[in-house]
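The values are calculated or read from the model by the stated rules, or taken from the named source; none is laboratory data. Computed from a predicted model, the values in this text were never measured in an experiment. Using ideal geometry, Cβ is built from the backbone for each residue, glycine included, and neighbour counts are taken over all protein chains shown.
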There are 2 protein chains.
Amino acid sequence: MFEREVTVLRLGHRPGRDDRMTTHVGLTARALGADRVVLSTDASHSRDTITDITDRFGGPFTVETTDNPKRLVSSFEGTIAHLTMYGLPVQSVEDDLRATTDPLLVVVGAEKVPFDVYDRADFNVAVTNQPHSEVAGLAVFLDRLFDGRELEQEWTDADRRVIPKETGKKVVPTSDAE
Amino acid sequence: MFEREVTVLRLGHRPGRDDRMTTHVGLTARALGADRVVLSTDASHSRDTITDITDRFGGPFTVETTDNPKRLVSSFEGTIAHLTMYGLPVQSVEDDLRATTDPLLVVVGAEKVPFDVYDRADFNVAVTNQPHSEVAGLAVFLDRLFDGRELEQEWTDADRRVIPKETGKKVVPTSDAE
């Protein structure tokens, strides 16, 4: 979306059990300014839901899958930020994170994350050192990374658009909204 | 946590199917500065998990349940903010939301939210007008409401504490950490 390419990698996915969380990671990545999410090959249900939302509400946003997420991490050319409650506080690293316009890979774990990822990451980042939610952590991380500019994003190729309202709901076809 | 009491109400919960999302709503409320979460009576699994985390990682934080969430909304004495993708942009209402120190009720819906809630809410607030995640919306909302101060929060009565690290994990008993 912005001058810098931001990819979110969802690491670990147990089909069935993790479907909703993985879908929420992908939709949060899309809504809050990332360009791309990469899911595990067996997260096809989440992939389809995120693709469907992008078709209806617009992009640009890409959903990809991989059967080798560790290779994506090890071969990534750019900066890697791994979100973990054990890392350094987001408020202390966000300036450094914004200091380059290198491509950025944001790694969001589900189950136990292999030590290689901690090691390879340029930043292990904690949105509080408390246990909460990888979706919440990703959301605060992206809002701070983009300094709120992601909230003003324009969407292309949408077939519908929500018109903000004080009370109630208003959704219009995009041809009427422009 | 702060001068103002902030309660998060999780509206709607389907046992089993919503357990993880409801748990994440509660843990996000706790980690990001709310004082209290109110869940549906049948979200006992989520209640237990959030209580357990509070026992281990500290408080103050309260988990309550109700069998009549609509009454909590209709009788609440204070300001009500309802998070919905159909509402007004968070970036345009956050100053108004911070202008008082009234108790604040933040309503986070799951399934379809009754129109009464839109009507009773002082603010229907959208963290983007895009579909994503109630957990992500709550996280960005709280981080902006507290202007990042929630990230510096001190915890009391914890039995363990995470020490932020550049790489790896370090958790110590609180008696050693002080």
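When you scan the stretch A:103-119, do you find a residue that is of a type in the set (D, E, K, R) and within 29 Å of B:Asp52 (Cα to Cα), even just one?
Yes.
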Going by the conditions given, is A:Phe141 facing another protein chain (nearest Cβ under 10 Å), within 24 Å of A:Gly58 (Cα to Cα) and aromatic (Phe, Trp, Tyr)?
yes
Among residues of the stretch A:148-162 being more than 17 Å from the chain's Cα centre (by Cα) and surrounded by 16 or more Cβ atoms within 10 Å (Cβ to Cβ), the residue farthest from B:Pro131 (Cα to Cα) is A:Ala158
Restricting the stretch A:106-118 to residues that are surrounded by 19 or more Cβ atoms within 10 Å (Cβ to Cβ) and within 11 Å of chain B (Cβ to nearest Cβ), the residue that is modelled with the lowest pLDDT:
A:Val113
Considering only residues that are within 10 Å of chain B (Cβ to nearest Cβ) and of a type in the set (Val, Ile, Thr), which ones fall in the stretch A:148-176?
A:Val162, A:Ile163, A:Thr167, A:Val171
Options A:Leu88, A:Leu138, A:Leu97: the member that is farther than 29 Å from B:Thr49 by Cβ and surrounded by 15 or more Cβ atoms within 10 Å (Cβ to Cβ):
A:Leu97
Can you spot a residue in the stretch B:119-134 that is within 12 Å of chain A (Cβ to nearest Cβ), under 15 Å from the mean Cα position of the chain (by Cα) and among the small types (Gly, Ala, Ser)?
yes
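On the basis of being touching an Asp or Glu at 6+ places or on another chain (Cβ under 8 Å) and more than 14 Å from chain A (Cβ to nearest Cβ), does B:Pro103 make the cut? Step through it out loud before you land on a result.
On the way: touching an Asp or Glu at 6+ places or on another chain (Cβ under 8 Å): yes; more than 14 Å from chain A (Cβ to nearest Cβ): yes.
Taking the combined requirement at face value, the residue satisfies it.
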Evaluate the stretch A:12-33: report whether one residue or more is more than 12 Å from chain B (Cβ to nearest Cβ), within 19 Å of A:Asp102 (Cβ to Cβ) and either of a type outside the set (Asp, Glu) or part of a strand (DSSP E or B) (or both).
no
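Determine, yes or no, whether B:Leu83 is at pLDDT 95 or above and either touching a Phe, Trp or Tyr at 6+ places or on another chain (Cβ under 7 Å) or within 11 Å of another protein chain (Cβ to nearest Cβ) (or both). Even if it seems obvious, please write down each step before you answer.
On the way: at pLDDT 95 or above: yes; either touching a Phe, Trp or Tyr at 6+ places or on another chain (Cβ under 7 Å) or within 11 Å of another protein chain (Cβ to nearest Cβ) (or both): yes.
Yes, satisfied.
So, in the stretch B:46-55, of the ones that are touching a residue at least 24 places away in the same chain (Cβ under 8 Å) and surrounded by 15 or more Cβ atoms within 10 Å (Cβ to Cβ), which residue ends up farthest from the other protein chains (Cβ to nearest Cβ)? Explain how you work it out, then say what you get.
Filtering the stretch B:46-55 down to residues touching a residue at least 24 places away in the same chain (Cβ under 8 Å) leaves B:46, B:49-50, B:53-55.
Narrowing the set further to residues that are surrounded by 15 or more Cβ atoms within 10 Å (Cβ to Cβ) leaves B:46, B:49-50, B:53-54.
On the way: B:Ser46: 12, B:Thr49: 10, B:Ile50: 10, B:Ile53: 6, B:Thr54: 10 Å.
Only one residue tops the list, namely B:Ser46.
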